[in-house]
Amino acid sequence: MLRITTIAGVRSRREELRRLGRKVALVPTMGALHEGHRTLVRRGEELAEEVWASVFVNPTQFGPGEDFERYPRDLDRDAASLESWGVSLLFAPTTKEMYPRPPAVVVDPGDLAAGMCGAFRPGHFRGVASVVAKLLNIVQPDVAVFGAKDWQQSVVIRRLVTDLDLPVRIEVAATAREADGLAMSSRNAYLTTSERAAAAVLYRALKAGEQAVLQGERDATRVGELVATVVAGEPEARLQYVAVVNPDTCKPLQAIGGRALLALAVFIGQTRLIDNALVEVAP
Ligand code: PAF
């Protein structure tokens, strides 16, 4: 596996592959890799001849008081995982390489970032959209693969690509889960043993909401309340939000018909976790 830290280095390797007619799938990450990332790599393998990954803990998507400083970083371990998964190139730029000066031009996702996580993390999706635009321009992959756990992020990225006419296919892979349903996340590493057990409540709450919809509940408020009640039953959990939204726009629904996304953010101790479930019923 090639390990490249410069934009020029990635561009030159990309040029070589273009000449050879080989397609590239990019898996953008912030490192602290786990089995969930491996699922993204596998999806990339199905779509392109080579899978490349980036590891960059992007400072512009963290707000004040968030976990930028303590975000787990172990590049050698990540590189070993990527190599064992068959990734052929790792792009791991420094902050100086990505941001030689504070950016004057950024990508603003507007209303797409108004609700859900965006309401509690001002500027987060601007940071995500801007760094993803940079990564896509640097690597110029044929396809880029993201995880469905970060649903609102995937909606922002899809619109980034369509609105700015970026020539790349965006692929969103299903959330990888632990045996008790907890969505795999780099932030699970922060959890103590008892918090880890408590964290399964996110999945239980979503499943309860999904079950209610499948059994005929169509009132989005009542579904949200049901999800909140399940979270409230776990003493170590504190709900930040629950949302029932249109999965394509992230706009709140009142009545459920067709596709609906149930999404939530929950603090387990100091750790903020997110998850979601897509439900579909007759319109
Ligand atoms: O999902 C992530 O890991 C990050 O938000 C991303 C897409 C790599 C941008 O920094």
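The values are calculated or read from the model by the stated rules, or taken from the named source; none is laboratory data. Values in this document were obtained by computation on a predicted structure and should not be read as measured data. A quick note on method: Cβ atoms are made from the backbone with ideal geometry, for glycine too, and the neighbour counts reach across all protein chains shown. These accessible areas exclude ligands, DNA and RNA; they are computed on the full protein's heavy atoms, side chains included. Shrake-Rupley method; radii C 1.70, N 1.55, O 1.52, S 1.80 Å.
Summary of values
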read-out	value
Residue within region 239-249 that is under 30 Å from residue 193 (Cβ atoms), β-branched (Val, Ile, Thr) and not in a loop (DSSP other than H, G, I, E, B) present	yes
Residue selected from region 68-83 under the condition open to solvent by 100 Å² or more (accessible area, probe 1.4 Å) and not in a helix (DSSP H, G or I), by the criterion nearest to residue 51 (Cα to Cα)	73
Residue satisfying condition, being of a type in the set (Gly, Ala, Ser) and not in a helix (DSSP H, G or I), within set 216, 224, 209	216
Single condition residue 229 does not satisfy, out of (1) within 22 Å of residue 194 (Cβ to Cβ); (2) surrounded by 15 or more Cβ atoms within 10 Å (Cβ to Cβ); (3) not aromatic (Phe, Trp, Tyr)	(2)
Residue match in region 16-31 (condition: of a type in the set (A, V, I, L, M), modelled with pLDDT of 95 or more, open to solvent by 20 Å² or more (accessible area, probe 1.4 Å) and not in a helix (DSSP H, G or I))	yes
Criterion violated by residue 30 - all others in (1) more than 16 Å from the ligand (Cβ to nearest atom); (2) farther than 13 Å from residue 140 by Cβ satisfied	(1)
Answer residue from region 100-158, given it is in contact with a Lys or Arg (Cβ under 6 Å, 6 or more places away or on another chain) and acidic (Asp, Glu) and is farthest from residue 246 (Cα to Cα) among those	142
Selection status of residue 3, assigned to a strand (DSSP E or B) and either at pLDDT below 95 or away from the ligand (no atom under 16 Å from the Cβ) (or both)	yes
Selection within region 56-67 - within 16 Å of the ligand (Cβ to nearest atom), open to solvent by 50 Å² or more (accessible area, probe 1.4 Å) and either in a helix (DSSP H, G or I) or free of Cβ contacts under 8 Å to residues at least 40 places away in the same chain (or both)	60
Enumerated strands (runs of 3 or more DSSP E) restricted to region 84-182, each holding at least 3 residues that are open to solvent by less than 10 Å² (accessible area, probe 1.4 Å) and touching a helix residue (DSSP H, G or I) at 6+ places or on another chain (Cβ under 8 Å)	89-91, 143-147
Flag if residue 48 is small (Gly, Ala, Ser), within 30 Å of residue 249 (Cα to Cα), in contact with a His (Cβ under 9 Å, 6 or more places away or on another chain) and crowded, with 16+ Cβ neighbours inside 10 Å	no
